[in-house]
Amino acid sequence: MKEVEKVFIGGLKEELMEDKVIDESQLAPGFAEEIKKYGGKDVMTCLQCGNCTGVCPISLKIDYKTRNIIKCCQFGLKKYILSTRWVCATCYRCYEHCPADLNPAEIMIALRHIAVREGIIPPFVKTAATNLVKYGQSVRPDEEIDKIRRELGLKPVHTHDPSFKSVIREIQVLVHASKYDKLIGIQEEVKV
Ligand code: SF4
Ligand code: SF4
């Protein structure tokens, strides 16, 4: 069996640190450049100080912390991280505290761009996009809310207002023109 060197990637996951062996075939050497292409800065400038993880509001809830994700990007460990970036809330707290001016939030957004183009799209994203082109908002309108509004003598929520149809139409045209419908796989929902 080929001898390979274990790679320490800074607290990513016990399983990965202790049990997994990473060899060159698992690395994507051009990953840092690919991230730049989609709007991220140079991940190689990260100092691994951990500030981003320290201020991230969701870091306690996730296995892959912000600093770890940046470290994986530096190594080119593309396949390990492409299914994790959706948990970022794009709150930009990490950006405010990054001494390297790296803007980790933009790295997360770039990772999403890359993942979507590789067909890695969580179902909730497709659902939100479908709702957007159908109702003009990412959450499906709730009939119960309309019922309560009627009882209170209020107008229906805007998505049920006939005058809002032109807004939905504009959203559909934009989604189609930007090819977002094709990218996310909701073409059948966008009748232009
Ligand atoms: S705060 Fe910036 S420099 Fe520090 S670990 Fe996070 S991305 Fe790297
Ligand atoms: S932008 Fe994302 S990674 Fe940065 S602090 Fe907010 S949730 Fe965490």
Quick calc, the range 98-144, dipole around Cα centre from Cβ unit charges on Lys, Arg (+) and Asp, Glu (-), nearest 20 debye, gives 220
Along the range 29-41, Karplus-curve 3J(HN,Hα) (6.51, -1.76, 1.60; θ = phi - 60°) to the nearest Hz, with x for Gly and Pro, reads x, x, 5, 4, 5, 4, 4, 5, 4, 9, x, x, 7
Zone reached by a paramagnetic label modelled 7 Å from Phe164 Cα along Cα→Cβ, restricted to the range 135-152 with backbone N below 16 Å, covers 135-151
To the nearest 10 degrees, the tilt of helix 104-117 (Cα long axis) against the first principal axis of the alpha carbons of the chain is 80
With -39,500 (n - 2.57) per DSSP H segment of 4 or more residues and division by the full residue count of the chain, the 222 nm estimate, nearest 500 deg cm²/dmol, is -12000 deg cm²/dmol
Given unit charges at Cβ for Lys, Arg (+) and Asp, Glu (-), the dipole magnitude of the chain about its Cα centre in debye, nearest 20, is 520
So, with points 7 Å from each Cα along the Cβ direction, the Glu188-Val157 label distance in nm works out to 2.5
If one compares the long axis through the Cα atoms of helix 165-177 with the longest principal axis of the Cα atoms of the chain, the angle in degrees, nearest 10, works out at 30
Placing +1 on each Lys and Arg Cβ and -1 on each Asp and Glu Cβ in the range 123-189, then taking the dipole about the Cα centre, the residue among Ser178, His158, Leu132 whose Cα reaches farthest towards the positive end is Ser178
Rounded to the nearest 0.05, FRET efficiency between Tyr92 and Lys37 (Cβ-Cβ, R0 25 Å) equals 0.75
For 177-183, 67-73, 36-42, ranked highest to lowest by mean beta-carbon neighbours within 10 Å, the order is 67-73, 36-42, 177-183
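We did not get these values from a lab; they are worked out from the coordinates using the rules stated. Keep in mind the model is a prediction, meaning the values are calculated, not measured. For neighbour counting, all protein chains shown are included, and Cβ atoms are generated from backbone atoms with ideal geometry for every residue, glycine included.
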